[in-house]
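The values are calculated or read from the model by the stated rules, or taken from the named source; none is laboratory data. None of these values were measured; they are calculated from a predicted model. Glycine also receives a Cβ, built like all others from the backbone with ideal geometry; neighbour counts cover every protein chain displayed. Note: accessible area is taken over every heavy atom of the protein model, side chains too, but ligands, DNA and RNA are not part of it. Shrake-Rupley method; radii C 1.70, N 1.55, O 1.52, S 1.80 Å.
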Amino acid sequence: MKAEQDEVPTPAPRGLGERVESVAGLGPLIVRGEPHHGRLLLAHGAGAGHDAPMLVALRAALAERGVQVLAFEFAYLQRMRTEQRRRPPPRAERLVEEFRAWRAAVAPLGEAPLWLGGKSLGARVASLLAAEDGAPGLVLCSYPFHPPGKPERTRLAHWPRLACPTLVLQGERDPFGRRDEVEGYMLPDCAEVHFLADGEHDWRPRRASGRTRQALIDEAADRVVHAMARSR
């Protein structure tokens, strides 16, 4: 999958109001917010970790609305930080077991249902895990429905096995799945796609649209709270 940023991620990703805990055998876990409405175990995109501005802002918006975000980074991204050089991600299917290990470690840390989610690559891995093991719910940000410029190569083979509430938050102009493309897919009844007006893969709208990325992030966070509340 195409990397979302060209620079090597810097160490110690953390925003204001966040704490970082160490999970034995897996690595650092970023924790933000309290689980008034639920918990979300969140993975990152292919080339940028949880210090990506979009993800920092999303964690803050969710925490403000009573969703506790538990954000982790896959081992290949942790190695990128240590070595300070780029490293291509493994295939999404190879990351499922790692996501499963994170869920097993984090699930007992609270009583609220632990939803799974991620951005781009992380969203795809979360959906693969939910298709295999089930989940209370999914939050899929910028789901990579197909590689950019290759709409015929859809990444939906496992979607018929999804049975949990599935919220997709997709920019209308996302090259991994534009609105006109996604609206043509036959998705399972458990899936809801919410399109963010004029947003691209990082939910950044064009200035001429009159929208801001922060407005789209706030809108997305509202939808997450609504989906979690509705599933209870």
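Quick notes
- Filter result for ARG230 (assigned to a helix (DSSP H, G or I) and farther than 24 Å from MET54 by Cα): yes
- Among the residues of region 113-161, those that are assigned to a loop (DSSP other than H, G, I, E, B), open to solvent by 10 Å² or more (accessible area, probe 1.4 Å) and either out of contact with any His (no Cβ under 8 Å at 6 or more places or on another chain) or on the phi > 0 side of the Ramachandran plot (or both) comprise PRO113, GLY134, ALA135, PRO136, PRO147, PRO148, GLY149, LYS150, PRO151, LEU156, ALA157, HIS158.
- A count restricted to region 27-58 and to residues that are under 25 Å from ARG87 (Cβ atoms), touching a helix residue (DSSP H, G or I) at 6+ places or on another chain (Cβ under 6 Å) and touching a residue at least 60 places away in the same chain (Cβ under 8 Å) stands at 6.
- With respect to the conditions (1) open to solvent by less than 30 Å² (accessible area, probe 1.4 Å); (2) of a type in the set (Val, Ile, Thr); (3) within 19 Å of PRO53 (Cα to Cα), THR212 falls short on a single one, namely (1).
- Taken together, the criteria place PHE195 among residues that are outside any loop (DSSP other than H, G, I, E, B), of a type in the set (Phe, Trp, Tyr) and surrounded by 16 or more Cβ atoms within 10 Å (Cβ to Cβ).
- Region 175-211 - residue that is hydrophobic (A, V, I, L, M, F, W, C) and more than 16 Å from the chain's Cα centre (by Cα) and, of those, farthest from ARG153 (Cα to Cα): ALA208
- Considering (1) open to solvent by 20 Å² or more (accessible area, probe 1.4 Å); (2) modelled with pLDDT of 95 or more; (3) in contact with a Leu (Cβ under 7 Å, 6 or more places away or on another chain); (4) farther than 22 Å from LEU167 by Cα, the lone condition that PRO89 does not fulfil carries the number (2).
- Just one of the listed residues (ARG79, ARG32) is among the charged types (D, E, K, R) and out of contact with any strand residue (DSSP E or B) (no Cβ under 9 Å at 6 or more places or on another chain), namely ARG79.
- Top-ranked residue of region 162-183 - restricted to ones that are among the aliphatic types (A, V, I, L, M) and closer than 12 Å to HIS194 by Cβ, ranked as surrounded by the fewest Cβ atoms within 10 Å (Cβ to Cβ): VAL182
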